[in-house]
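Everything on this sheet refers to the single structure shown next.
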Amino acid sequence: MNIAIIGTGYVGLVTGTCFAEVGHNVVCVDCDEDKVKLLQGGGIPIYEPGLEEMVKKNVADGRLSFTASTSEGVEKSDVIFIAVPTPPLEDGSVDLSFIERVARDIANAMTSYKIVVDKSTVPVKTGEKVAETIKRYCKANCEFDVISNPEFLREGFAVEDLMKPDRIVVGSASDRPNESMRAIYEPFNAPIIFTDINSAELIKHAANSFLAMKISYINAVAAICEASGANVEEVANGIGMDDRIGRRFLNASLGFGGSCFPKDLSAFIRISDELGYDFGLLKEVQKINAGQMDRFLKKITDTLWILKDKTIGVLGLAFKQNTDDVRMSPAIDICQRLLKEGASLRVFDPKAMEKAKGFLPAEGVTYVDEMDEVAEGCDALVVATEWPLFKELDLAKAKEGMTSPILFDGRNMFDPSEMEQLGFTYKSIGR
Ligand SMILES: NC(=O)c1ccc[n+]([C@@H]2O[C@H](COP(=O)([O-])OP(=O)(O)OC[C@H]3O[C@@H](n4cnc5c(N)ncnc54)[C@H](O)[C@@H]3O)[C@@H](O)[C@H]2O)c1
């Protein structure tokens with residue numbers, strides 16, 4: 001199939017590359033000309049395990065190319081995927097102006113039948129608006145179909161998730177585009193759910209909100225564990241072995257973040273409100289998540305008392321392991337709060353330090369290149385991201401370099417009894 005992807009970010013670039021990998025011809029479009037130049041010159045703007053090699057291979061094989069021109073993308077393709085941002089507005093609703101812009105651009109460039117597939121995460125009923133917009137702006141008056149095909153990839157595992165999806169959701173208003181969608185996804189050997197557009201759109205918001213709810217649930221249980229002396233990991237293992245519940249997404253932590261869960265949750269609450277339903281359950285999920293960060297910060301201030309003029313080492317800046325993405329990262333949030341209290345920070349992340357520089361003030365933050373140097377001169381260490389690498393921290397060296405060995409583990413990476421044996425004051429979540 002000949003495919004265009006409009007928006008070459010975390011979703012667009014990985015999706016386009018995986019489509020090329022299975023034999024489709026793909027042109028990735030982005031309005032950011034610097035990003036397109038970087039990609040055309042062999043550079044990769046994001047970190048995702050396995051992505052760089054796959055991009056290079058498919059570019060060399062002539063199946064993957066990059067352009068800043070939407071009309072070029074539209075002209076060269078039968079199926080056009082939209083993967084542009086859908087960021088939150090202040091009131092929690094979604095800024096759909098990127099989607100609307102692309103719908104107009106596609107409409108202007110269309111000269112024959114096209115299938116326009118929305119892969120961006122959007123509120124239910126957006127597909128109807130996209131179809132209206134294309135119809136309104138397509139001067140050539142071409143036939144087209146709009147599809148909702150939400151993306152479920154996890155950053156940090158995006159290539160793996162795209163190559164081996166657990167399901168593909170295709171929402172359409174007619175059967176006409178379904179054969180092409182089947183042809184695109186056939187090589188991935190995953191079950192395809194064909195449904196209507198509204199249901200497909202809702203599946204994405206409902207799925208992400210459910211996962212966020214699971215995290216907030218275990219975080220609330222963690223608070224009860226702390227108050228009662230129980231251990232949240234034992235509890236999570238015990239309930240997770242029930243296959244109606246499952247163990248995944250039951251890791252207590254300083255809360256969820258990233259560019260998807262917080263915004264999708266507030267968007268779902270908002271669209272539910274608009275449709276006349278007060279989704280109080282999800283409002284509570286948000287509240288628990290915000291409270292989790294407050295409780296973590298309180299652990300730090302309860303122990304260190306005054307943070308002004310203290311030096312704190314922070315391990316992790318990305319919003320989760322295996323990514324350089326720091327958008328709405330809880331790690332960045334904790335850094336900002338510690339800075340606000342007057343602390344200085346020594347920070348380390350294996351992949352996200354460059355991107356973090358755009359989110360943290362220059363003053364008060366030292367970026368440390370070696371993980372084992374972070375603790376030097378610190379009054380405490382904070383683990384903010386669950387990078388597996390952090391388990392290899394040289395704890396003896398860290399202890400030696402610190403004014404006092406204190407570690408606040410926001411990701412439950414270390415064993416409490418081992419930390420105690422090593423002489424650390426160790427505070428984690430729910431145990
Ligand atoms: N990141 C994830 O893990 C993930 C997972 C599933 C779904 N999603 C959803 O996918 C969508 C994209 O997310 P992302 O993380 O890839 O965003 P991103 O910011 O990484 O990438 C979006 C890209 O679109 C480009 N763009 C914006 N307007 C454009 C236009 N008019 N024409 C061409 N390009 C344009 C931007 O320059 C950027 O490169 C969002 O709706 C998001 O919610 C994201």
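The values are calculated or read from the model by the stated rules, or taken from the named source; none is laboratory data. Keep in mind it's a predicted model, so treat the numbers as computed, not measured. Reconstructed Cβ throughout: ideal geometry from the backbone, glycine too, with neighbour counts over all protein chains shown. Each accessible area value is taken on the protein alone, full model and side chains, heavy atoms only, with ligands, DNA and RNA left out. Shrake-Rupley method; radii C 1.70, N 1.55, O 1.52, S 1.80 Å.
Go through the residues of the range 51-58 one by one and say whether even a single one is within 14 Å of the ligand (Cβ to nearest atom) and either open to solvent by less than 20 Å² (accessible area, probe 1.4 Å) or closer than 24 Å to LEU211 by Cα (or both).
Scanning the range 51-58 turns up at least one residue that is within 14 Å of the ligand (Cβ to nearest atom) and either open to solvent by less than 20 Å² (accessible area, probe 1.4 Å) or closer than 24 Å to LEU211 by Cα (or both).
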Condition check for SER253: over 26 Å from GLY171 (Cβ atoms) and small (Gly, Ala, Ser): yes
Boolean, ALA109 is crowded, with 23+ Cβ neighbours inside 10 Å and within 16 Å of the ligand (Cβ to nearest atom): no
Matching residues in the range 118-141 - criterion: being in a helix (DSSP H, G or I), open to solvent by less than 20 Å² (accessible area, probe 1.4 Å) and small (Gly, Ala, Ser): GLY127
In the range 157-210, the residues that are under 23 Å from PRO123 (Cα atoms), surrounded by fewer than 19 Cβ atoms within 10 Å (Cβ to Cβ), in contact (Cβ under 8 Å) with a residue 40 or more places away in the chain and within 16 Å of the ligand (Cβ to nearest atom): ALA206, ALA207
All strands (runs of 3 or more DSSP E) inside the range 1-92 with 3 or more residues being of a type outside the set (Ser, Thr, Tyr): 2-6, 25-29, 79-82
Count of residues meeting criterion [out of contact with any Phe, Trp or Tyr (no Cβ under 8 Å at 6 or more places or on another chain), within 16 Å of the ligand (Cβ to nearest atom) and part of a loop (DSSP other than H, G, I, E, B)] in the range 241-291: 3
Those residues of the range 104-129 which are hydrophobic (A, V, I, L, M, F, W, C) and without any contact (Cβ under 8 Å) to a residue 40 or more places away in the chain, in sequence order: ALA107, ALA109, MET110, VAL116
Residue within the range 144-154 that is closer than 30 Å to PHE249 by Cβ, of a type in the set (Gly, Ala, Ser) and in the same structural domain as PRO85 (by TED's automatic domain parsing) present: yes
Residue satisfying condition, being open to solvent by less than 40 Å² (accessible area, probe 1.4 Å) and assigned to a helix (DSSP H, G or I), within set PHE390, PHE414: PHE390
Test: residue in the range 334-355 that is touching a residue at least 12 places away in the same chain (Cβ under 8 Å), of a type in the set (Ser, Thr, Tyr) and surrounded by 24 or more Cβ atoms within 10 Å (Cβ to Cβ): no
Out of VAL79, VAL59, VAL55, VAL84, sole residue that is farther than 25 Å from GLY156 by Cα, at pLDDT 95 or above, among the hydrophobic types (A, V, I, L, M, F, W, C) and in the same structural domain as ARG154 (by TED's automatic domain parsing): VAL79
Any hit, the range 73-91, residues being open to solvent by less than 10 Å² (accessible area, probe 1.4 Å), away from the ligand (no atom under 13 Å from the Cβ) and touching a Ser or Thr at 6+ places or on another chain (Cβ under 8 Å): yes
Conditions (1) closer than 23 Å to GLU151 by Cα; (2) at pLDDT 95 or above; (3) out of contact with any helix residue (DSSP H, G or I) (no Cβ under 6 Å at 6 or more places or on another chain); number of the one not met by SER259: (2)
Which listed residue, of GLY7, GLY12, GLY42, is without any contact (Cβ under 8 Å) to a residue 40 or more places away in the chain and either open to solvent by 40 Å² or more (accessible area, probe 1.4 Å) or not β-branched (Val, Ile, Thr) (or both): GLY42
Extreme residue, nearest to the ligand (Cβ to nearest atom), among residues of the range 5-22 that are closer than 16 Å to GLY62 by Cβ and hydrophobic (A, V, I, L, M, F, W, C): PHE19
